[in-house]
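Right, one structure below, let's go through it.
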Amino acid sequence: MSFDRIVLALNAAFVLFSGIACLVAPASLAQHAGLSAMPNALTEIRAIYGGLTIGVGCYLIWCVRDRELTFAGLVLVAVSVGGAGVARVLGVLIDRDPTAFHLMNLAIEVVTVAVVVVALSMHRRAARALAQRGDGAGLSFG
């Protein structure tokens with residue numbers, strides 16, 4: 001399996017696992033993030049951090065299984081994780097109360113986006129090389 005697809009598969013597994021964890025045990029995320037553990041807050045964690053994240057993870061798995069969707073899956077990871085990182089930085093700057101939880105997640109987001117950008121670059125380079133040789137079927141340029 002190529003580097004770009006390995007990166008996508010690892011992200012798909014992580015996203016799916018974390019979504020399932022938030023669906024099954026939302027109080028754990030609430031505790032680590034310093035959020036309320038009231039029933040309505042737990043329901044919201046289950047819906048957004050659980051259900052929505054599981055949906056994204058399923059799409060990423062679909063992208064891993066279909067070589068033509070590799071680029072689209074990597075873009076989704078870069079944009080969504082990058083967006084979360086930007087929002088986290090803004091939140092820290094506005095609220096001025098960063099915790100170890102925020103900083104750890106920001107580090108994960110920065111590293112993830114960097115690795116995904118490398119994978120996207122490698123994917124595009126490989127797709128262009130195959131297209132120039134005339135056997136680029138199955139790879140997208142993005």
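The values are calculated or read from the model by the stated rules, or taken from the named source; none is laboratory data. Because the structure is predicted, anything quoted here is derived from the model rather than measured. Quick reminder, even Gly has a Cβ in these numbers, built from the backbone with ideal geometry, and neighbours come from all protein chains shown.
Looking only at the stretch 123-134, residues that are loosely packed, with under 15 Cβ neighbours inside 10 Å and touching a residue at least 24 places away in the same chain (Cβ under 8 Å) come to 0 in all.
Of V75, V64, V81, V89, all but one fail to be buried (at least 17 other Cβ atoms within 10 Å of the Cβ) and closer than 20 Å to L106 by Cα; the exception is V81. A Cβ distance below 8 Å, combined with a sequence gap of six or more or placement on separate chains, defines the contacts here; from the stretch 30-43, residues that are at positive phi reach residues that are not in a helix (DSSP H, G or I) in the pairs G34/T99.
Tell me yes or no: at least one residue of the stretch 3-14 is at pLDDT 95 or above and of a type in the set (S, T, N, Q). Checking the stretch 3-14: at least one residue is at pLDDT 95 or above and of a type in the set (S, T, N, Q).
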